[in-house]
Amino acid sequence: MLSSLLRHALVLGLVSAIGPFAIDMYLPALPEIGHSLQADTAQVQRSLTVFFLALGVCQLLYGPLSDRFGRKPPLYFGLALFVAGSIGCALAPDIQTLIVLRFIAGVGACACTVIPRAVVRDLHTGVEATRLTSLLMLVFSVSPILAPLAGSLVIAVASWRWIFWTVSALGVLGIALLAWQLEESRPTSARTASTLGGVLATYWTLLRDRHFMALTLIGAFGMSAFFAYLGNSSFLLIGHYGVTPMQYGFLFSINAAAFIGTAQFNSRLCVRYGLVRVVQVGVAGFASIALGLWALFAFGVDRLDLLSVLVFCSFGWLGLVVPTTAVLALETHGEIAGTASALLGTTQMVIGAVVMGVLSLFIDGTPMPMVSGIGGCALVTGLLTWFTLEQESRHV
């Protein structure tokens, strides 16, 4: 069982990391891309936003398709589309073409975001699912930890276009892993007949499920704080604080490592205290530090060391929240795990993309737009947890 668990974690983690790797690896290159394609900051950031929108919205399609046709066929299609879109990005002659092709690549990468969560639900539930999710995130951590550093190395020795050639190769590797190392987890007997009316009815059922939606929104606004950092940190750290792309890659990596490293304690904490209690404590730690960060900078503090330490600590607490809320949300929806996972992922990505889009309107070269975004998302996360999970905690 243990070897099977580790194999699933390795394959699903690496496949899940392909899309985020395509984001994180090119973050250090955003200023250079703007200079190369003669585009302003807002245009370059739009190439990041459309990727997130594609990752979010298209999950509504991949989830039901994976329930109807099995998990692997949509994964093959998505990875092939991701590879094609990424090759196009490597050849893009202008920023408009890059934006369009990033959206296409995001449509493909979306399959790797939503379907692995459904595979986890196919194979395990409860604490065992939390353990697999935590192991998956440990493997997944290769993306936010290594990708910015890899991107920095690429642009130090070659053009930013080689970043997209690299992620294209990773997509091909993902296809090979699926073919040789992952069995189909959705049996033919469990596959649901897929009609437009049936899919819409299923989504409507999920939207009316207060338990499911509350947990989904808690995870969504928690992740949006990370997206606020992801979308703005390269311009802020490189442009405002004057760090090099390599130094930026290191700073981004350690903050991402805090988020993913803390998730490895989830299974043991959930066994001892229960999943709901872990979410409540994690949100309390995350929100208090993030709001403290906002207050300090609102009163005139502007220090890179303080920003880095507080972001690191807040994202560490967030690592207890996101995987646990996903397991709780999918717990009672095994028969429609793909569709439920799609709605959960779409909500997270769309809210994250909206947060990044709104913050892009207020970029002024200072830390305030970013820390305000992180603090605002933390406040909403805390309020949602306070008002929706109190009753849950009494029954754990």
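The values are calculated or read from the model by the stated rules, or taken from the named source; none is laboratory data. Please read all numbers here as calculations on a predicted model, not as lab measurements. Quick reminder, even Gly has a Cβ in these numbers, built from the backbone with ideal geometry, and neighbours come from all protein chains shown.
Within region 231-243, restricting attention to residues that are outside any helix (DSSP H, G or I) and in contact (Cβ under 8 Å) with a residue 12 or more places away in the chain, the residue that is surrounded by the most Cβ atoms within 10 Å (Cβ to Cβ) is Val243. Taking region 302-339 as the range and being without any contact (Cβ under 8 Å) to a residue 60 or more places away in the chain and surrounded by 24 or more Cβ atoms within 10 Å (Cβ to Cβ) as the test, only Leu320 passes. Restricted to region 295-320, and to residues there that are among the charged types (D, E, K, R) and assigned to a loop (DSSP other than H, G, I, E, B), the residue that is farthest from Leu251 (Cα to Cα) is Asp302. If you check Arg272, Arg303 for being over 25 Å from Thr347 (Cα atoms), modelled with pLDDT under 90 and either in contact with a Phe, Trp or Tyr (Cβ under 9 Å, 6 or more places away or on another chain) or not aromatic (Phe, Trp, Tyr) (or both), only one passes: Arg272. Candidates Pro323, Pro369: the one that is part of a helix (DSSP H, G or I), at pLDDT below 95 and within 19 Å of the chain's Cα centre (by Cα) is Pro323.
Here's the yes/no breakdown for (1) surrounded by fewer than 24 Cβ atoms within 10 Å (Cβ to Cβ); (2) within 30 Å of Arg277 (Cβ to Cβ):
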site	(1), (2)
Leu79	no, no
Phe82	no, no
Cys89	no, no
Ile95	yes, no
Val100	yes, no
Ala105	no, no
Ala109	no, no
Cys112	no, no
Ile115	no, yes
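In contact with a helix residue (DSSP H, G or I) (Cβ under 7 Å, 6 or more places away or on another chain), at pLDDT 85 or above and of a type outside the set (S, T, N, Q), is that true of Gly338? When the stated conditions are applied, Gly338 does not pass them. Kindly evaluate Val276 against the criterion of being under 30 Å from Ser152 (Cβ atoms) and touching a residue at least 40 places away in the same chain (Cβ under 8 Å). It is false that Val276 is under 30 Å from Ser152 (Cβ atoms) and touching a residue at least 40 places away in the same chain (Cβ under 8 Å).
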